[in-house]
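One structure below.
Every read-out reported here was derived from the displayed coordinates using simple, explicitly stated rules and does not represent laboratory data. Source: prediction; values computed, not measured. Quick reminder, even Gly has a Cβ in these numbers, built from the backbone with ideal geometry, and neighbours come from all protein chains shown.
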Amino acid sequence: MIEVKVNDKGGFEKAMRQFKKLCQKEGFLVELKERRYYTKPSEKKRKKHS
């Protein structure tokens, strides 16, 4: 789980930048895109070997 604490000094914009960076680092968005549609196990194997 990704958490970002917002300070009074930093503001919301800084917290959003940190959140986006952490999501990208964790691979959260990539996993979300992969789970959007069902892929058959045979397609996963083909993709993995390529």
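Here the label points at Lys25 and Ser42, each 7 Å from Cα along the C-beta direction, are separated by 4.1 nm in the simple model.
Each residue of region 37-50 is assigned a 3J(HN,Hα), and the resulting list reads 10, 6, 10, 5, x, 5, 5, 5, 5, 4, 5, 5, 6, 7 Hz, derived from the Karplus form 6.51 cos²θ - 1.76 cosθ + 1.60 (θ = phi - 60°), x at Gly and Pro.
Among residues other than Ile2 with Cβ under 15 Å from its Cβ, the summed charge is +2 (Lys and Arg +1, Asp and Glu -1). Couplings for region 19-32, taken from phi via the Karplus curve 6.51 cos²θ - 1.76 cosθ + 1.60 with θ = phi - 60°, read 4, 4, 5, 5, 4, 5, 5, 6, x, 5, 5, 5, 5, 4 Hz in order; Gly and Pro are left as x. Sites listed here are chymotrypsin sites (Phe, Trp or Tyr not before Pro) in region 7-50 whose DSSP assignment is loop and whose Cβ has at most 15 other Cβ atoms within 10 Å: Tyr37, Tyr38. In a DSSP loop and with at most 14 other Cβ atoms within 10 Å, the trypsin sites (Lys or Arg not before Pro) in the chain are Lys5, Lys9. If you count Lys pairs in the chain whose Cα atoms are under 24 Å apart, skipping same-chain pairs closer than 8 places in sequence, the total is 18. Assuming charge only on the beta carbon of Lys and Arg (+1) and of Asp and Glu (-1), the dipole of the chain about its Cα centre is about 380 debye to the nearest 20. Match the structure shown to one of the listed values (i) -0.48, -0.79; (ii) -0.40, -0.84; (iii) -0.46, -0.94 of log10 I(q)/I(0) by the Debye sum over Cα atoms at q = 0.13, 0.21 Å⁻¹, computed from it, and give that label. Comparing each candidate, only (i) matches the computed number.
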